[in-house]
Amino acid sequence: MADSSPQEFATILGPDANFKGELFFDKAMRVHGRVEGKITTQGRLHVAKEAKISADVEAGSIVIEGEIKGNLTASDKVELKNSAKFEGDLRAGRLVVEEGAAFNGHVSVGPEAVKAGAPRPQVQVSVSKPGIAAAAPQPARVG
Amino acid sequence: MAIPLEPIAASPGNDDQITIVCLYCHKPQQVARRAVSVTCRHCNKSLRLEDISIKDYHARRSIETCGVVTVEKKGNIVSDRVLCGGMIIRGKVKGKIASQGPILVGPEAEIKGNVTAPTLAVGAGAILEGDYEIGVEAKPQAISS
């Protein structure tokens, strides 16, 4: 477990707590239980060893010791401790991975990644010929 | 970062031999410690065993060794694939990386490409872009050419 004292975290979700939905907070939160949904904060999120999170997270910084599934966006830093298990896409200004952490997904780390902010660029198809562009899907004609 | 990097393990009881894992068929075998390259007993592919240090710009189709590839601060690899026993990156790498051992990424490093490794250690400040498979479940696999 991290050496940070409980006073550091204004909000703590206990190990027997199970949360479903969208979670907003300002400063810092430590999760020991289960969360499903979405977490948004400008502060700090600490995912304790026994925690299991299945959510998209947007935060200032994220420290992961437990399990997390979902897309992470951190304006500052993501830390994956040696017990961390993470599955999903990650976008952060800085990344610290301890040896032993397991993760699987797309990673964008660096100042540029945070500036971009938006999710991964999707493939865009643009049609330049006006004749083809106008050809919207037509209903099937019979007869 | 002081993480021991021992992709090539010494076999117990015999100092002249070491155990390596083939980059292609992933089967272990014993080879002479002083060997620079061998042919895999199982798949007959040629295996380079020596460590590689990259200190400047290297554009190659592939870099393959059972040893450790070290990219120094001024090193820059542009390659389709890097297959190695371990990797230390302080400079830049562009291309797919499949490592059988730990990958250590320095704080000023830059990696663009997909990475597969059993463990990864990243210093704060590194720039990464790509799909990552790190951990016990992620088996380092030879990338088909």
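The values are calculated or read from the model by the stated rules, or taken from the named source; none is laboratory data. No experiment lies behind these values; they were computed from the predicted model shown. Positions of Cβ are backbone-derived with ideal geometry, glycine not excepted, and every protein chain shown enters the neighbour counts. The protein model used for the area step is the full one, side chains on, heavy atoms only, and it has no ligands, DNA or RNA in it. Shrake-Rupley method; radii C 1.70, N 1.55, O 1.52, S 1.80 Å.
Summary of values
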{"item": "Close pairs from the range B:119-138: first at pLDDT 85 or above and open to solvent by less than 10 Å² (accessible area, probe 1.4 Å), partner among the polar types (S, T, N, Q) and in a loop (DSSP other than H, G, I, E, B), Cβ under 9 Å, at least 6 apart", "result": "B:130/B:114; B:132/B:114; B:134/B:119"}
{"item": "From the options A:123, A:127, residue that is outside any strand (DSSP E or B), at pLDDT below 50, surrounded by 10 or more Cβ atoms within 10 Å (Cβ to Cβ) and not small (Gly, Ala, Ser)", "result": "A:127"}
{"item": "Among (1) open to solvent by 20 Å² or more (accessible area, probe 1.4 Å); (2) assigned to a loop (DSSP other than H, G, I, E, B), the one test that residue B:66 misses", "result": "(1)"}
{"item": "Top-ranked residue of the range B:70-128 - restricted to ones that are over 23 Å from residue B:23 (Cα atoms) and not in a loop (DSSP other than H, G, I, E, B), ranked as farthest from the chain's Cα centre (by Cα)", "result": "B:127"}
{"item": "Checklist (1) hydrophobic (A, V, I, L, M, F, W, C); (2) touching a strand residue (DSSP E or B) at 6+ places or on another chain (Cβ under 6 Å); (3) open to solvent by 20 Å² or more (accessible area, probe 1.4 Å); (4) closer than 28 Å to residue B:131 by Cβ applied to residue B:38, failing item", "result": "(4)"}
{"item": "Residues (hydroxyl-bearing (Ser, Thr, Tyr), surrounded by fewer than 20 Cβ atoms within 10 Å (Cβ to Cβ) and modelled with pLDDT of 90 or more) located in the range A:2-47", "result": "A:40"}
{"item": "All positions within the range A:88-100 that are in contact with a strand residue (DSSP E or B) (Cβ under 8 Å, 6 or more places away or on another chain) and facing chain B (nearest Cβ under 7 Å)", "result": "A:94, A:95, A:96, A:97, A:98, A:99"}
{"item": "Single condition residue B:78 does not satisfy, out of (1) open to solvent by less than 10 Å² (accessible area, probe 1.4 Å); (2) modelled with pLDDT of 95 or more; (3) more than 17 Å from residue B:120 (Cβ to Cβ)", "result": "(1)"}
